[in-house]
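Visitor: Right, I'll just put the structure down here and ask away after.
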Amino acid sequence: MSKHNIHKMYQESVQCVEAEIDFVQATYKAIRGNDARFLREDFSGTGQTAGEWISRHVENRAWAVDLDDEVLNWGVNNVQIKLDAPEKLSYITADVRDSGINNMDIVLAMNFSYFLFMDRLTMVDYFISVKKSLEETGIFFLDAFGGYEAAKELTEERECDGFTYIWEQASFNPINSQMQCYIHFKTDDGVSYNKAFSYYWRLWTLPELQEMLKEAGFSHVDIFWEGTDEKSGEGDGNFSPSKIGTADAGWVCYIVALP
Ligand SMILES: C[S@@+](CC[C@H](N)C(=O)[O-])C[C@H]1O[C@@H](n2cnc3c(N)ncnc32)[C@H](O)[C@@H]1O
């Protein structure tokens, strides 16, 4: 594997699967009183989050679902292979609305991937399929982003170890809320990976998402908002159920839906 593979740079710059699984594991236990074991990661890409789930407990099982064979194969060769119990992580090439992976304690839709569903009907259809694939005691976890800079054309750069991560909101159409985003990488030794990842999706709002989850039959939907670090004024990494959020330039939160 080359030092600067785009999947590796994506893992290092975008994902923090440890924090994500810490949140999901603790929140499930706080709500249900026992430990979850079966987890499905929708839009899994390389299945990094599912792999982290496996590493947490010998009884944990995970399924990583994505349409794209190329990205799943990369996961098999680079994520699954590193697990002590690789057979406990299954990669499934399928549409998330029809993966056939049911009886789950947890279904994850992270990194905003479900924003790819552009209209209400398709989104509600997906949410209905998730509800059907959960145990009665299961929980559906999603993340969402927004804020007044989310609906804006902008480019942001962040230095990472050996490369620069560049997030570009290339276009935003206020009439339908659809936007074109790209991730570019530039390595410290001068190689550019222009449009390494491209997302054409809809910037959904939290009220819309809560309404659609209810419409799909989820009985209870909570927004988990991030607390603020008093010294820095930045997010403190702790998410708790909230009815009132802050009107920040950019925020990320979790949505927790119970069947
Ligand atoms: C934003 S990426 C997120 C990848 C992953 N969550 C991660 O962080 O590595 C979106 C992924 O969703 C997949 N995808 C898009 N539509 C899908 C669908 N209907 N069913 C399954 N996977 C889908 C794409 O192939 C892509 O890998």
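Read-outs: derived from the displayed coordinates by stated rules, not from any lab. A quick note: this is a predicted structure, and the numbers were derived from the prediction, not measured. Virtual Cβ from ideal backbone geometry, glycine too; neighbours counted across all protein chains shown.
Visitor: Under unit Cβ charges (Lys, Arg +1; Asp, Glu -1), what dipole magnitude, rounded to 20 debye, does the chain have relative to its Cα centre? Don't skip to the end; give the middle numbers.
Guide: Working: 22 positive and 42 negative charges, 107 e Å.
Charge dipole of the chain: 520 debye, to the nearest 20.
Visitor: Can you say what percent of the DSSP beta bridges in the chain, counting only those with both residues inside, are antiparallel? Round to 5.
Guide: Working: 41 of 60 bridges.
Given both bridge residues lie in the chain, the antiparallel proportion sits at roughly 70 percent.
Visitor: Taking the chain as a Gaussian network, where each spring joins two C-alpha atoms under 10 Å apart, which residue of Asn103, Asn111, Asn176 fluctuates the most?
Guide: Greatest mean-square fluctuation among the candidates belongs to Asn176.
Visitor: Now for a different question. According to the square roots a ≥ b ≥ c of the eigenvalues of the Cα gyration tensor, what is the shape class of segment 154-202, taking rounded for a/c under 1.5, prolate for a/b larger than b/c otherwise, and oblate for the remainder? Please report the intermediate quantities before stating the final value.
Guide: Details: a/c = 3.81, a/b = 2.71, b/c = 1.41.
Cα axes put segment 154-202 in the prolate bin.
Visitor: Taking a cut-off of 25 Å between Cα atoms, list the lysines near Lys186, but don't count ones fewer than 8 places away on the same chain.
Guide: Leaving aside lysines fewer than 8 places away in the same chain, those within reach of Lys186 are Lys3, Lys8, Lys152, Lys195.
Visitor: First select every other residue whose beta carbon is under 12 angstrom from the beta carbon of Ala26; then total the charges, Lys and Arg +1, Asp and Glu -1. Spell out each step's value before the answer.
Guide: Working: positive: Lys29, Arg32, Arg56; negative: Glu20, Asp22, Asp35.
Neighbourhood net charge equals 0.
Visitor: Among bridges DSSP assigns within segment 154-202, what percent are antiparallel (round to 5)?
Guide: Working: 25 of 25 bridges.
Beta bridges within segment 154-202, antiparallel portion: roughly 100 percent.
Visitor: Between the DSSP loop rule and a limit of at most 14 other Cβ atoms within 10 Å, which GluC sites (Glu not before Pro) in segment 49-122 are left? Let's see the in-between values first.
Guide: Values: sites: Glu52, Glu59, Glu70, Glu87; in loops: Glu59.
Answer by residue number: Glu59.
Visitor: Report the residue, chosen from Ala144, Ala36, Ala26, that carries the largest GNM mean-square fluctuation when the chain is represented by alpha-carbon nodes joined by springs under 10 Å.
Guide: Judging by the Gaussian network model, the answer is Ala26.
Visitor: If you don't mind, there's one more thing I want to ask. Which residue, chosen from Ala109, Gly138, Ile128, occupies the Cα position most advanced towards the positive end of the dipole of segment 97-150, where the dipole is computed from +1 (Lys, Arg) and -1 (Asp, Glu) charges on Cβ about the Cα centre?
Guide: The residue sitting farthest along the positive end of the dipole is Ile128.
Visitor: Evaluate the Debye formula for the chain with equal point scatterers sitting on the alpha carbons, no solvent, and hand back log10 of I(q)/I(0) at q = 0.09, 0.10, 0.12 Å⁻¹, in q order, two decimals.
Guide: Ignoring solvent entirely, the Cα scatterers give -0.40, -0.50, -0.74.
Visitor: Of Asn194, Asn73, Asn102, which has the largest mean-square fluctuation in a 10 Å C-alpha GNM of the chain?
Guide: Of Asn194, Asn73, Asn102, the most mobile in the Gaussian network model is Asn194.
Visitor: Next question, about the same structure. For segment 194-232, which trypsin sites (Lys or Arg not before Pro) are both in a DSSP coil and crowded by at most 11 other Cβ atoms within 10 Å? Don't skip to the end; give the middle numbers.
Guide: Numbers: sites: Lys195, Arg202, Lys214, Lys231; in loops: Lys231.
For trypsin sites (Lys or Arg not before Pro) across segment 194-232 that sit outside H, G, I, E and B with at most 11 neighbouring Cβ atoms in 10 Å, the list reads Lys231.
Visitor: Now, a different point. Give the residue list of GluC sites (Glu not before Pro) in segment 94-157 that are DSSP loop and have at most 16 other beta-carbon atoms within 10 angstrom.
Guide: On the way: sites: Glu135, Glu136, Glu149, Glu153, Glu156, Glu157; in loops: Glu149, Glu153.
Loop-located and lightly packed - Glu149, Glu153.
Visitor: Using +1 at the C-beta of Lys and Arg and -1 at the C-beta of Asp and Glu, which of Gln180, Ser55, Ala151 has the Cα lying farthest in the positive direction of the dipole of the chain?
Guide: Ser55
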